[in-house]
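The structure appears below as structure tokens.
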Amino acid sequence: MASAAEQLAANLDVGAFQKATELHKRLLFTLGAMIVYRLGTYIPIPGVDPAAIASLIEKQQNGIFGMANLFSGGAVSRMAIFALNVMPYISASIIVQLLGTMYPPWEKLRKEGGEAGRKQLNQYTRYLTVLLAIFQASGVAFALQGSQGAVLNPGPFFILSTVVTLSTGTMFLMWLGEQITSRGVGNGVSLIIFAGIVARLPTALFNMFSEVHTGGLSAFTLLLFLALAVGVIIFIVFMERSQRRLLVQYPKRQQGNRMFGGETSFLPLKINVSGVIPPIFASSLLALPYTLNTFLSTAHLPNYLQWLPGVAATLNHGQPVYMITYGLMIIFFSFFYTSVVFNPEDTAENLRKYGGFLPGIRPGKRTAEYIDYVLTRLTVIGSLYIAAVCLLPEALMASNAMSSYYFGGTSILIVVSVTMDTVAQIQSHLLAHQYEGLIKKSKLRGGKR
């Protein structure tokens, strides 16, 4: 059954877009912010050799630096001022969300603080972002200084300038993302990551067509890959839009001579509640062994640690152990993060407060148990769906059908999810504009009467 918003959207007048001046301003602001972000990814930090940095990142393409380079739109390979991107902010947000369910003072802020509590937690997120950005920037600065030829004038001044530059770049992107969310269209932080991934798409497609031209890749394989990519996108859209709707009823109540209530609504439960967080977590953790393996040499390891490089090599893209571990970690983080962002007890309590109940289910504890029962089974489907999408590119790598993990499941999930969310917000602005127009027309007609 379609919701009221979906029914209104089906009858949406496309011509309303031309009259929605407020939406035009939001879209232009978002576009301008994306241009500013992309310009920043081409401004290198002072004191580095761009050629040496590009060579260093190329060796780490399947490691943590390669993943960071993917999400930053190539800023890491250029060691730009936005090289850290918004990853410290995302990590800080996740940590604050986790503590918001386990640390009593923050849990109280989240549940009872209202708007003021939400702003306070956002402020904690910003403070933590600064600390994480300084920590990560320090690691990058020392790693660059330890790499031969990467730094022109190594020393304390280079360390300090790099930490300040990278940390400031992250804080600017955090501010820019918040501005996009409030004054533009879509989630600002998600759009920044989206822009970084999409920016490298033309280059990746050009490289694939070049391989076909040089004979490194057959035309049939290219067509098969493009058809597979389209099929995966359609599958992701279908799964992301799918939901389990629990029927909620509200009892009738009488106030004076009027009768209220007796309505029915739905409690929508998405199949994929955790979003793209599980594959990001899993791929980040699994990129660490490969990264460490490139920095460690067996000649410098003690005898009792000679096994480390061999173990790290099995956790590389396309390897069976990597794929099994990757899939299991995605499933684990799907259940873990779903339990963090969705609390069945809170949902059941809110339904009870407003007089709502699930037919045949007693309000309170029984309702919470039933919602948890349904959510657990949805999470099983959702986690298997995410694992399948993310493991498909790994299987192609194992069969040598694809040499780069640029088209990995995580990047595809982010691009499709952010696109759907942004389109939905544009549609909601159009619906709001159309609704305001109908109200004005009705007022004018009433005034003429």
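The values are calculated or read from the model by the stated rules, or taken from the named source; none is laboratory data. Predicted model, so just to flag it, every value in this text is computed and none were measured. Note: ideal-geometry Cβ built from the backbone for every residue, glycine included; neighbour counts use all protein chains shown. Note: accessible area is taken over every heavy atom of the protein model, side chains too, but ligands, DNA and RNA are not part of it. Shrake-Rupley method; radii C 1.70, N 1.55, O 1.52, S 1.80 Å.
Of all residues in the stretch 241-273, which are modelled with pLDDT under 85 and out of contact with any strand residue (DSSP E or B) (no Cβ under 8 Å at 6 or more places or on another chain)?
Passing the criteria: Gln255, Gly256, Asn257, Arg258.
Any idea how many residues of the stretch 349-368 are over 29 Å from the mean Cα position of the chain (by Cα) and in contact (Cβ under 8 Å) with a residue 24 or more places away in the chain?
7
Would you check if there is a residue in the stretch 200-213 being in a loop (DSSP other than H, G, I, E, B) and either loosely packed, with under 15 Cβ neighbours inside 10 Å or at pLDDT below 85 (or both)?
There is at least one residue in the stretch 200-213 that is in a loop (DSSP other than H, G, I, E, B) and either loosely packed, with under 15 Cβ neighbours inside 10 Å or at pLDDT below 85 (or both).
Of all residues in the stretch 214-245, how many are open to solvent by 60 Å² or more (accessible area, probe 1.4 Å) and within 22 Å of the chain's Cα centre (by Cα)?
The qualifying residues number 7.
What residue, among those in the stretch 116-171 that are open to solvent by 30 Å² or more (accessible area, probe 1.4 Å) and touching an Asp or Glu at 6+ places or on another chain (Cβ under 8 Å), is farthest from Ser77 (Cα to Cα)?
The selected residue is Leu152.
Here are Thr325, Thr379: which of them is touching a helix residue (DSSP H, G or I) at 6+ places or on another chain (Cβ under 8 Å) and either over 12 Å from Pro278 (Cβ atoms) or modelled with pLDDT under 85 (or both)?
Within the list Thr325, Thr379, the selection yields Thr325.
Considering only the stretch 219-233, state which residues are modelled with pLDDT of 85 or more and under 11 Å from Ile412 (Cα atoms).
Hits for the stretch 219-233 are Val230, Val232, Ile233.
What residue, among those in the stretch 28-50 that are open to solvent by 70 Å² or more (accessible area, probe 1.4 Å) and not in a helix (DSSP H, G or I), is nearest to Ala143 (Cα to Cα)?
The selected residue is Pro46.
Filter the stretch 346-370 down to the residues that are touching a Phe, Trp or Tyr at 6+ places or on another chain (Cβ under 9 Å) and among the aliphatic types (A, V, I, L, M) and list them by number.
Ala348, Leu351, Leu358, Ile361
I'd like the residue in the stretch 173-188 that is surrounded by 21 or more Cβ atoms within 10 Å (Cβ to Cβ) and not in a loop (DSSP other than H, G, I, E, B) and, out of all such residues, is nearest to the chain's Cα centre (by Cα).
Top of the filtered list is Gly188.
Here's a check for you: in the stretch 51-66, which residue that is part of a helix (DSSP H, G or I), open to solvent by 40 Å² or more (accessible area, probe 1.4 Å) and more than 11 Å from Ala150 (Cα to Cα) is modelled with the highest pLDDT?
So the residue we want is Glu58.
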